[in-house]
1. For region 21-33, indicate whether the set of residues that are surrounded by fewer than 17 Cβ atoms within 10 Å (Cβ to Cβ), charged (D, E, K, R) and in a helix (DSSP H, G or I) is non-empty.
2. Test of understanding: among Gly60, Gly77, which residue is over 16 Å from the mean Cα position of the chain (by Cα) and more than 24 Å from Ile108 (Cβ to Cβ)?
3. So which residues in region 34-56 are within 13 Å of Ile68 (Cα to Cα), part of a helix (DSSP H, G or I) and within 12 Å of the chain's Cα centre (by Cα)?
4. Has region 62-79 got at least one residue that is assigned to a strand (DSSP E or B) and touching a Phe, Trp or Tyr at 6+ places or on another chain (Cβ under 6 Å)?
5. Are there any pairs, at least 6 apart or on different chains, whose C-beta atoms fall under 8 Å, with the first in region 33-52 and free of Cβ contacts under 8 Å to residues at least 40 places away in the same chain and at positive phi and the second outside any strand (DSSP E or B) and buried (at least 17 other Cβ atoms within 10 Å of the Cβ), and if so, which?
Amino acid sequence: MHEYSIAYDIYTTARRAAIENNAKEITCISVDVGRMAMVNPEQVEFLFNVIIEEDPLFSGARLVCRDIEARTRCSCGYEGSERFVCPRCGKLPEVVAGMEIVVTNIEIEVDDA
């Protein structure tokens, strides 16, 4: 189950960023999850919530996963969503988006002092 390692990587990324910025609390982590990443976002979210249970830095944190559609490009100039056969020339297009799992934003609370 690679969803656990993904959830744990999201946790460590957010925790490191929060500590580096003297955060007192993490409120929201936004993640882009490509449709072709072979990941179940609901499982990642569930496992993330299990991982953060004992960490007070994440007491009010929520994970927001945004679904990213697949986009492809072919050497013939085609750009679109066809993933397996280019509709213009029949070649295999290159996937340029939709395979990523990226933390895009981490919202934190800091002391004003």
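1. Within region 21-33 (the criterion being surrounded by fewer than 17 Cβ atoms within 10 Å (Cβ to Cβ), charged (D, E, K, R) and in a helix (DSSP H, G or I)), the answer is no, since none of the residues qualifies.
2. Gly77
3. Selection gives Arg35, Ala37, Pro41.
4. The answer is yes, given that some residue of region 62-79 is assigned to a strand (DSSP E or B) and touching a Phe, Trp or Tyr at 6+ places or on another chain (Cβ under 6 Å).
5. Going by the 8 Å Cβ cut-off, there are no qualifying pairs.
No lab work stands behind these numbers, since they all come straight from the coordinates. As the structure is a computational prediction, the values presented were derived from the model and not from experiment. Cβ: placed from backbone, ideal geometry, glycine included. Neighbour counts: every protein chain shown.
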